[in-house]
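Novice: Handing you a structure now.
The values are calculated or read from the model by the stated rules, or taken from the named source; none is laboratory data. Everything quoted here is computed from the prediction, not taken from an experiment. All Cβ positions, even for glycine, are placed from backbone atoms using ideal geometry, and neighbour counts span all protein chains on display.
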Amino acid sequence: MNPATFISLSTVRLLCGSAGVSTSVGTGFFYVGEFDVSEGKAQVPLIFTNKHVVAGCEEIKMTLTVRQPSAEIGEIVVAPGDIHRNVLIPGCQQRMLLHPDPQVDLCAFFIGDIMSDIESAGQQLRNTFLNASFLVPDDERKNIRPIEPVMMIGYPSGLWDEQNNRPLARRGSTASHPFLKWNGKVEFVIDAACFPGSSGSPVFLFEDLMFRTKDNAYTPGTKAQLLGILASGPLYTSEGKLIQKDIPTATSIVPVVQTMMNLGNVVHASALGDIITMVKEASIAGKSFPKAIT
């Protein structure tokens with residue numbers, strides 16, 4: 001599978017709210033947390049997103065696509081026999097792990113029970129899971145420049161291909177160095193169209209046709225490496241005169257409109273490791289939570 005296809009399958013649309021009413025929409029991405037245990041290597045399936053996406057909500061709704069294990073996931077992704085399953089996660093805060101730094105807008109929640117249900121039904125999840133191998137290796141970090149091409153996968157303004165359960169991909173570039181702390185925060189800035197609903201989107205260093213190797217040479221192919229997670233973006237306000245054409249009125253209204261600047265603040269991917277440490281502690285402690293409903 002091409003890396004472009006792989007990362008396009010890594011996300012899920014999250015509807016968050018309470019008592020059946022969704023009040024926010026955001027992006028989550030699938031990730032396998034790996035850590036050492038006495039029996040060997042543990043692997044825990046997770047979904048990462050932003051704290052503000054799930055803040056105050058009691059439940060999360062998402063749509064997962066499954067198919068038979070024998071069905072190949074090709075570059076076109078969609079295939080006959082795909083089944084869209086609506087999943088409700090009640091009491092979601094009980095399975096949530098929030099990054100310990102209040103200034104780092106990142107969290108993750110467990111989905112092991114959901115994966116078990118899918119496998120018990122004799123099906124496989126169509127989505128792909130990121131893991132630590134998608135992070136930029138230490139010996140390649142020296143080659144990363146302040147201006148790099150990036151690809152962001154998510155659901156801007158909640159938009160998605162509902163029929164095929166597919167996200168949208170947005171191109172952009174880094175606006176600050178992806179390994180430096182922007183204004184002292186564990187963030188960097190990208191120049192890309194960032195909208196509500198894109199919160200939680202994974203942001204990849206994306207090189208197509210030709211990509212750089214660890215020796216800083218070029219080779220044909222495609223490479224995608226996880227740089228971070230979109231969290232927020234600056235706004236500016238613009239004032240204008242509101243004109244009502246159908247019903248003449250002498251009243252002049254001057255609205256203040258908030259507009260996105262096409263800049264986004266991205267949490268460094270290194271912050272994932274802090275939550276994986278929490279996953280290990282919670283797993284060893286036997287953390288429990290209400291079962292998801294499909």
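Novice: Only residues in segment 269-294 that are acidic (Asp, Glu) count as the first member; pair them with residues that are surrounded by fewer than 16 Cβ atoms within 10 Å (Cβ to Cβ), Cβ under 8 angstrom, at least 6 apart or cross-chain, and list the lot.
Specialist: Matching pairs, first to second residue: Asp274/Pro100; Asp274/Asp101.
Novice: So in segment 256-281, with the set limited to residues that are outside any loop (DSSP other than H, G, I, E, B) and at pLDDT below 85, which one is surrounded by the most Cβ atoms within 10 Å (Cβ to Cβ)? Spell out the reasoning first.
Specialist: First, the residues of segment 256-281 that are outside any loop (DSSP other than H, G, I, E, B): 256-260, 263-281.
Those left that are additionally at pLDDT below 85: 256-260.
Details: Val256: 8, Val257: 11, Gln258: 8, Thr259: 9, Met260: 16.
The residue in question is Met260.
Novice: Restricting attention to segment 196-211, and to residues there that are surrounded by fewer than 21 Cβ atoms within 10 Å (Cβ to Cβ) and in contact with a strand residue (DSSP E or B) (Cβ under 6 Å, 6 or more places away or on another chain), which single residue is modelled with the highest pLDDT? Talk me through it step by step, then tell me what you get.
Specialist: First, the residues of segment 196-211 that are surrounded by fewer than 21 Cβ atoms within 10 Å (Cβ to Cβ): 196, 207-211.
From the residues that got through so far, the ones that are in contact with a strand residue (DSSP E or B) (Cβ under 6 Å, 6 or more places away or on another chain) too are 207, 210-211.
Working: Glu207: 94, Met210: 86, Phe211: 88.
Out of the qualifying residues, it is Glu207.
Novice: Taking Arg145, is it closer than 30 Å to Thr213 by Cα, outside any strand (DSSP E or B) and among the basic types (Lys, Arg)? Step through it out loud before you land on a result.
Specialist: On the way: closer than 30 Å to Thr213 by Cα: yes; outside any strand (DSSP E or B): yes; among the basic types (Lys, Arg): yes.
So Arg145 passes the test.
Novice: So which of Leu88, Leu98, Leu130, Leu46 ends up being among the hydrophobic types (A, V, I, L, M, F, W, C) and over 19 Å from Cys16 (Cα atoms)? If you could, list the steps in order and put the result at the bottom.
Specialist: Values: Leu88 fails: over 19 Å from Cys16 (Cα atoms); Leu98 fails: over 19 Å from Cys16 (Cα atoms); Leu46 fails: over 19 Å from Cys16 (Cα atoms).
Exactly one residue qualifies, and that residue is Leu130.
Novice: OK, next. From the set of residues in segment 40-51 that are exposed (fewer than 15 other Cβ atoms within 10 Å of the Cβ) and at negative phi, which is farthest from the chain's Cα centre (by Cα)? Steps first, please.
Specialist: Of all residues in segment 40-51, those exposed (fewer than 15 other Cβ atoms within 10 Å of the Cβ) come to 40-41, 43.
From what's left, at negative phi: 41, 43.
Working: Lys41: 25, Gln43: 19 Å.
Here the residue is Lys41.
Novice: Ok, one more. Return yes or no: is Leu226 in contact with a Lys or Arg (Cβ under 8 Å, 6 or more places away or on another chain) and either part of a strand (DSSP E or B) or β-branched (Val, Ile, Thr) (or both)?
Specialist: no
Novice: Next question, about the same structure. Tally up the residues in segment 52-92 that are in a helix (DSSP H, G or I) and crowded, with 18+ Cβ neighbours inside 10 Å, please.
Specialist: Of the residues in segment 52-92, 3 are in a helix (DSSP H, G or I) and crowded, with 18+ Cβ neighbours inside 10 Å.
Novice: Next question, about the same structure. Can you tell me which of Lys241, Lys245, Lys223, Lys214 is touching a helix residue (DSSP H, G or I) at 6+ places or on another chain (Cβ under 9 Å), farther than 30 Å from Arg13 by Cβ and either modelled with pLDDT of 85 or more or surrounded by fewer than 18 Cβ atoms within 10 Å (Cβ to Cβ) (or both)?
Specialist: Numbers: Lys241 fails: touching a helix residue (DSSP H, G or I) at 6+ places or on another chain (Cβ under 9 Å); Lys245 fails: touching a helix residue (DSSP H, G or I) at 6+ places or on another chain (Cβ under 9 Å); Lys223 fails: farther than 30 Å from Arg13 by Cβ.
Result of the check over Lys241, Lys245, Lys223, Lys214: Lys214.
Novice: Could you list, in sequence order, all residues of segment 6-45 that are touching a Pro at 6+ places or on another chain (Cβ under 9 Å), assigned to a strand (DSSP E or B) and not aromatic (Phe, Trp, Tyr)?
Specialist: Across segment 6-45, the qualifying residues are Thr11, Val12, Arg13, Ser24, Val25, Gly26, Thr27, Val32, Gly33.
Novice: Can Glu34 be described as touching a residue at least 12 places away in the same chain (Cβ under 8 Å) and either acidic (Asp, Glu) or crowded, with 20+ Cβ neighbours inside 10 Å (or both)?
Specialist: Numbers: touching a residue at least 12 places away in the same chain (Cβ under 8 Å): yes; either acidic (Asp, Glu) or crowded, with 20+ Cβ neighbours inside 10 Å (or both): yes.
Judged against the criteria, Glu34 is a match.
Novice: Picking from Ile284, Ile253, which residue would you name as being surrounded by fewer than 13 Cβ atoms within 10 Å (Cβ to Cβ), within 24 Å of Cys107 (Cα to Cα) and either at pLDDT 90 or above or not aromatic (Phe, Trp, Tyr) (or both)?
Specialist: Numbers: Ile253 fails: within 24 Å of Cys107 (Cα to Cα).
None of the other options fit; the residue is Ile284.
Novice: Additional query: Out of curiosity, is Glu162 of a type in the set (D, E, K, R) and buried (at least 18 other Cβ atoms within 10 Å of the Cβ)?
Specialist: Details: of a type in the set (D, E, K, R): yes; buried (at least 18 other Cβ atoms within 10 Å of the Cβ): no.
Taking the combined requirement at face value, the residue does not satisfy it.
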